[in-house]
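The values are calculated or read from the model by the stated rules, or taken from the named source; none is laboratory data. Quantities reported herein were computed from a predicted structural model and do not represent experimental measurements. Don't worry about glycine lacking a Cβ; one is built from the backbone with ideal geometry, like all the others, and counts go over all protein chains shown. Each accessible area value is taken on the protein alone, full model and side chains, heavy atoms only, with ligands, DNA and RNA left out. Shrake-Rupley method; radii C 1.70, N 1.55, O 1.52, S 1.80 Å.
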Amino acid sequence: QVQLVESGGGLVQAGGSLRLSCAASGSIFSINAMGWYRQAPGKQRELVARITSGGTTNYADSVKGRFTISRDNAKNTVYLQMNSLKPEDTAVYFCNANIMLVLAKTQTAYWGQGTQVTVSS
């Protein structure tokens, strides 16, 4: 029904930048909040950044001032610009979106498959 396809992960040196993208496709009526989460080995998945359909954003304290989340509603796509990357940013990054399907009455949370971000020191 719905697919979230992420791209843009990779290996970068500390201080470098990466841009993640996540495109939603399928029988979509509307998308409410979209966000990025990450999970490092041995740790719980945590919220990195979130953006509502109206453009309101919130960030984890650890990434404020370095990461920027944005979205293109016409393309059903959310982005995460990551600057000044640190080794502690190394994790699998997951896209999340709250989507209402065509003919549905409620919205459902969908997840992408994850993309690896590795920051070397």
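Report yes if Asn73 is without any contact (Cβ under 8 Å) to a residue 60 or more places away in the chain and either in contact with a Cys (Cβ under 7 Å, 6 or more places away or on another chain) or under 21 Å from Val2 (Cβ atoms) (or both), otherwise no. Even if it seems obvious, please write down each step before you answer.
On the way: without any contact (Cβ under 8 Å) to a residue 60 or more places away in the chain: yes; either in contact with a Cys (Cβ under 7 Å, 6 or more places away or on another chain) or under 21 Å from Val2 (Cβ atoms) (or both): yes.
When the stated conditions are applied, Asn73 passes them.
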Of the numbered conditions (1) part of a strand (DSSP E or B); (2) of a type in the set (D, E, K, R); (3) over 29 Å from Ser121 (Cβ atoms), Arg38 fails exactly one; give the number of that condition.
(3)
Would a scan of region 17-35 turn up a residue that is of a type outside the set (Val, Ile, Thr), open to solvent by less than 30 Å² (accessible area, probe 1.4 Å), within 27 Å of Ser121 (Cβ to Cβ) and not in a strand (DSSP E or B)?
no
Run Thr56 past the list (1) in contact (Cβ under 8 Å) with a residue 24 or more places away in the chain; (2) over 10 Å from the mean Cα position of the chain (by Cα) and report the number of the one that doesn't hold.
(1)
Quick check on my filter: what residues within region 41-55 are assigned to a strand (DSSP E or B) and loosely packed, with under 13 Cβ neighbours inside 10 Å?
Glu46
Pick out the one residue from Leu85, Leu11 that is outside any loop (DSSP other than H, G, I, E, B) and either in contact with a Ser or Thr (Cβ under 9 Å, 6 or more places away or on another chain) or not hydroxyl-bearing (Ser, Thr, Tyr) (or both).
Leu11
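Select from region 88-121 the residues that are within 14 Å of the chain's Cα centre (by Cα) and part of a loop (DSSP other than H, G, I, E, B) and list them in ascending order. Spell out how you get there, then give the answer.
Just the residues of region 88-121 that are within 14 Å of the chain's Cα centre (by Cα), to begin with: 89, 91-98, 109-117.
Answer for region 88-121, where residues must be within 14 Å of the chain's Cα centre (by Cα) and part of a loop (DSSP other than H, G, I, E, B): Gly112, Gln113, Gly114.
Anything in region 56-81 that is assigned to a loop (DSSP other than H, G, I, E, B) and touching a helix residue (DSSP H, G or I) at 6+ places or on another chain (Cβ under 9 Å)? List them, or say none.
Just the residues of region 56-81 that are assigned to a loop (DSSP other than H, G, I, E, B), to begin with: 56, 60, 64-66, 76.
The one that is assigned to a loop (DSSP other than H, G, I, E, B) and touching a helix residue (DSSP H, G or I) at 6+ places or on another chain (Cβ under 9 Å): Arg66.
Residues of region 95-119 being touching a helix residue (DSSP H, G or I) at 6+ places or on another chain (Cβ under 7 Å) and open to solvent by 30 Å² or more (accessible area, probe 1.4 Å), which ones?
Of everything in region 95-119, nothing turns out to be touching a helix residue (DSSP H, G or I) at 6+ places or on another chain (Cβ under 7 Å) and open to solvent by 30 Å² or more (accessible area, probe 1.4 Å).
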